[in-house]
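Worksheet: the structure to be examined is printed underneath.
What follows draws every value from the coordinates through simple rules; no lab data is involved. Here the structure is a predicted model, which means the values were calculated and not measured. Note: ideal-geometry Cβ built from the backbone for every residue, glycine included; neighbour counts use all protein chains shown.
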Ligand SMILES: Cc1cc2nc3c(=O)[nH]c(=O)nc-3n(C[C@H](O)[C@H](O)[C@H](O)COP(=O)(O)OP(=O)(O)OC[C@H]3O[C@@H](n4cnc5c(N)ncnc54)[C@H](O)[C@@H]3O)c2cc1C
């Protein structure tokens with residue numbers, strides 16, 4: 001059952017077995033598994049419930065409805081990085097690109113070697129990945145759904161002998177509408193709101209939308225419930241006078257790697273080692289655009305459909321992207337009439353994304369209820385961008401591009417392969433790059449040592465019993481690949497551990 005919090009007109013008090021804050025990649029799979037095992041699950045989600053009936057491709061309106069702060073979350077530091085977050089039922093999965101990757105074995109090995117992880121192994125997670133892939137219909141993008149934008153980059157990469165492959169995505173009957181980040185108009189993208197959430201409802205899970213959790217109720221070092229208030233207004237961003245209190249045996253925080261630390265810090269959790277909010281990783285990203293003589297209709301097909309991973313060992317990967325005109329025009333490293341000139345060429349432009357597996361790390365601080373995100377890009381990651389911009393430009397020239405627009409403010413365009421050396425020689429600084437990031441992680445990291453970590457390997461906090469963190473916050477490092485499948489698998493695993501320990505958790 002999904003209850004619209006804007007329509008609740010009284011204060012409510014409920015008892016449950018498990019209460020979950022947030023309904024995204026972390027919250028929804030756990031809700032499903034726990035409900036299926038007979039637990040009374042209540043989920044509170046600050047955003048609203050939207051499906052294909054609402055998803056009309058109007059990117060501006062969709063961003064206002066489903067993105068946190070209408071898509072304007074930004075990091076501060078030696079460069080500003082736009083960090084969009086979902087605020088809707090299904091969390092960021094409802095507005096994401098659908099790409100699915102298992103956690104790379106090397107990353108788990110690194111956690112075991114350098115971060116004291118003992119029980120988590122690739123073998124342990126394997127059945128969870130398999131189940132996630134089955135429930136979300138994860139499949140490889142067929143070539144014909146890729147759109148010319150992805151095909152061009154694939155062709156260029158093949159000419160240069162670079163390894164690449166069609167991405168795997170959660171999708172069913174996808175028609176390649178091309179607007180994944182603004183809500184799939186076919187509900188073909190198998191995000192949480194069309195997979196785990198309806199499945200969990202079948203087992204009695206209750207979802208309150210427009211319900212903002214504030215307080216974790218703690219008694220004798222044990223979480224026993226949460227309190228919060230409903231929201232009101234068209235976009236659900238105003239505070240209603242009506243409140244909720246949900247008492248439960250287990251409390252799970254799945255508010256994502258930016259808002260989970262806000263909730264934990266505001267409730268005094270994690271003071272023992274001051275690690276909450278630290279270790280923020282984001283997979284900084286940039287885009288390289290190519291101008292081609294042919295008309296490309298880059299808006300047709302799946303925007304994120306192909307990946308070049310030739311340089312994954314150097315912590316760089318390339319993945320497709322595309323944006324409608326209203327969004328592309330505000331996401332280019334240019335101003336005024338230069339943007340106008342580029343946008344007039346919209347049908348001749350191709351674009352591909354660079355994603356860096358970051359060694360830089362930042363932190364989430366809290367001012368009132370607002371997270372302040374600090375992130376400085378280190379020299380190592382900056383140089384990864386230099387290298388990646390050069391490679392993507394070479395790929396585009398190999399594919400027949402006439403001109404490249406690199407994501408560097410002072411380098412307007414590269415008009416021939418002979419000018420590529422400009423990328424090598426430019427005195428690059430982080431604030432010269434046009435950057436965004438889509439994968440915040442790491443701010444309540446897991447580990448076996450309470451001095452270093454916020455949660456243990458069962459994702460229960462070291463500070464407070466019966467309080468679990470299940471979302472992107474728990475990763476000790478960035479993953480180097482898109483994280484949602486990892487989050488879903490960890491969510492299912494953690495739910496199993498809660499079920500196995502239920503008797504002791506209830507005592
Ligand atoms: C445009 C875009 C494209 C992306 N594409 C991909 C992709 O293709 N593949 C991939 O793997 N990843 C992708 N990602 C990232 C991926 O979606 C996230 O990593 C993942 O959804 C994070 O899961 P989570 O559970 O940590 O948080 P979320 O999914 O963000 O869920 C957190 C939820 O908690 C709610 N919440 C927060 N605070 C409160 C509160 N106080 N009370 C109640 N509710 C609260 C939020 O409203 C939100 O709905 C993309 C991200 C973006 C922005």
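Computed values, structure above
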quantity: Cα-based shape type of the chain, given that a ≥ b ≥ c are square roots of the gyration tensor eigenvalues and the cut on a/c is 1.5; calculated: prolate
quantity: Global geometry of segment 262-329, whether rounded, prolate or oblate, following the gyration tensor of its Cα atoms and the 1.5 cut on a/c; calculated: prolate
quantity: Highest-first arrangement of 251-261, 151-161, where packing means the average Cβ count within 10 Å; calculated: 251-261, 151-161
quantity: Shape call, segment 287-443: gyration tensor on alpha carbons, a/c limit 1.5; calculated: prolate
quantity: DSSP bridge pairs, the chain: antiparallel proportion in percent, nearest 5; calculated: 65
quantity: Per-residue [θ]222 nm for the chain (sum of -39500 (n - 2.57) over DSSP H runs n ≥ 4, rounded to 500); calculated: -8000 deg cm²/dmol
quantity: Segment 99-186, relative contact order [Cα under 8 Å, separation at least 6], %; calculated: 34
quantity: Helix 256-266 axis, angle to the chain major axis (alpha carbon atoms, nearest 10°); calculated: 40
quantity: Degrees between helix 379-398 axis and first principal axis of the chain (Cα, 0 to 90, nearest 10); calculated: 50
quantity: Length-normalised contact order of the chain in % [C-alpha pairs under 8 Å, at least 6 apart]; calculated: 24
quantity: Pairwise label distance in nanometres, residue 160 with residue 421, each label 7 Å out on the Cα-Cβ vector; calculated: 1.8
quantity: Relative packing of peptides 96-105, 296-305, 465-474 - highest average C-beta neighbours within 10 Å first; calculated: 465-474, 296-305, 96-105
quantity: Segment residue 37-residue 402, extension gain: residue separation times 0.36 nm, minus the distance between their alpha carbons; calculated: 125.6 nm
quantity: FRET efficiency estimate (nearest 0.05) - Cβ-Cβ, residue 499 to residue 112, R0 22 angstrom; calculated: 0.35
quantity: Hypothetical label at residue 215: residues of segment 14-38 whose amide nitrogen lies under 15 Å (7 Å Cα-Cβ projection); calculated: 14
quantity: Estimated FRET transfer efficiency when R0 is 45 angstrom, pair residue 327-residue 241 (beta carbons, to 0.05); calculated: 0.80
quantity: Principal-axis tilt of helix 147-159 within the chain, Cα atoms, nearest 10 degrees; calculated: 60
quantity: Cα convex hull of segment 350-432 - mean projected area over all directions, nm²; calculated: 6.7
quantity: Inter-label distance, nm, simple model (7 Å from Cα along the C-beta direction), residue 340/residue 56; calculated: 3.0
quantity: Percentage relative contact order, segment 190-339, counting C-alpha pairs under 8 Å, at least six apart; calculated: 11
quantity: Two-site FRET efficiency, residue 272 against residue 410, from Cβ-Cβ distance with R₀ of 41 Å, rounded to 0.05; calculated: 0.35
quantity: Extension reserve of the residue 143-residue 187 stretch, reckoned as 0.36 nm per residue once the Cα distance is removed; calculated: 13.8 nm
